[in-house]
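See structure below.
Each reported figure results from applying straightforward, stated rules to the coordinates on display, with no laboratory input. Keep in mind the model is a prediction, meaning the values are calculated, not measured. Here the Cβ is made from the backbone with ideal geometry for all residues, glycine too, and neighbour counts use every protein chain on show.
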Amino acid sequence: MKFFIDTANLSQIKEAQDLGVLDGVTTNPSLMAKEGIRGQANIEKLYTDICNIVEGDVSAEVISTDLAGMIKEGEKLAALHPRIVVKVPMIKDGVKAIRYFTNKGIRTNCTLVFSPGQAILAAKAGAAYVSPFIGRLDDNSVDGIELIKQIVHIYKNYNFRTQVLAASIRHSVHIVRCAEAGADVVTCPLSAIMDLLKHPLTDIGLAKFLADHNK
Ligand code: G3P
């Protein structure tokens, strides 16, 4: 299972990269706004900076909601770096845009996916990644992990090559449950990745080993 970090914060990206477990980065307009990154030039510079830090894929989201706008934006984003993956929303023109980009050899990440039907459409259109939002489903009293299981099962049935990228991860238990469900990728906040380290028995055991060594 690949680990992506879901942030537009360069220092967090560097920290995850330094841990040696990072396979890629996802961003979205809300994460950009959270870091105060505004204006197309600044946004594009950030994508280039991220590509220079991380060796894996970097998802860059389009803002347009019409086909012509998504194509124009996506082609510009894809030209920034060969590892940029154009992130496209799961709407009618988004599906058309994914098909257009697929035919042109531009990889896409279909975002804002909340149902197995949407995931089937994304795969049929040729998306490289599909992003089901599990935390937001959980927030609405729907089991997000169940959706990951359904999509993994469906994609296996038909050998769809689209990778299941579990998004909207809230905590480390989500990461483990996604691994059990067979997600190809999890995109997580840094805190969820770092929380995987934690176990009180590790701390107690290490303290005892060090104390015994010093006796
Ligand atoms: O990047 C998409 C997704 O991971 C957003 O997560 O926490 O805003 O629901 P969240």
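Mind listing which trypsin sites (Lys or Arg not before Pro) in the stretch 110-177 are in a DSSP loop and have 13 or fewer other Cβ atoms within 10 Å? The qualifying sites are Arg161. Cross-link partners for Lys215 among the lysines, with Cα-Cα distance under 28 Å and sequence neighbours closer than 8 places in the same chain left out: Lys198. Between Asp184 and Asp66, residue separation times 0.36 nm minus the direct Cα-Cα distance comes to 39.6 nm.
Counting other Cβ atoms within 10 Å of each Cβ, which chymotrypsin sites (Phe, Trp or Tyr not before Pro) in the stretch 115-215 have at most 13 and sit in a DSSP loop? Spell out each step's value before the answer.
Details: sites: Tyr129, Phe133, Tyr155, Tyr158, Phe160, Phe209; in loops: Phe160.
Filter output for the stretch 115-215: empty list.
Taking amide hydrogens as placed 1.01 Å from N in the peptide plane, the amide H of Asp57 sits under 5 Å from those of Val25, each at least 5 positions away in sequence or on another chain. Model label sites at Lys34 and Ala211, defined 7 Å from Cα along the beta-carbon direction, differ in position by 3.9 nm. Angle of helix 92-103 to the longest C-alpha principal axis of the chain, folded into 0 to 90 degrees and rounded to 10: 90°.
Could you list, bin by bin from short to long, the percent of Cα-Cα pairs of the stretch 10-82 in 5 Å steps? Values per bin, smallest distances first: 3, 14, 27, 24, 19, 8, 4, 1, 0.
When the pairs Lys87/Lys149; Lys14/Lys45; Lys34/Lys96; Lys34/Lys92; Lys14/Lys87 are compared against a 19 Å limit on Cα-Cα distance, Lys87/Lys149; Lys34/Lys96; Lys34/Lys92; Lys14/Lys87 fall above it.
Each residue of the stretch 143-160 was assigned a 3J(HN,Hα) from its phi angle through the Karplus expression (A = 6.51, B = -1.76, C = 1.60, θ = phi - 60°), giving 6, x, 5, 4, 5, 4, 4, 4, 5, 4, 4, 4, 5, 5, 3, 10, 6, 4 Hz with x at Gly and Pro. In terms of overall dimensions, the C-alpha atoms belonging to the chain reach 71, 40, 29 Å along their principal axes, ordered largest to smallest.
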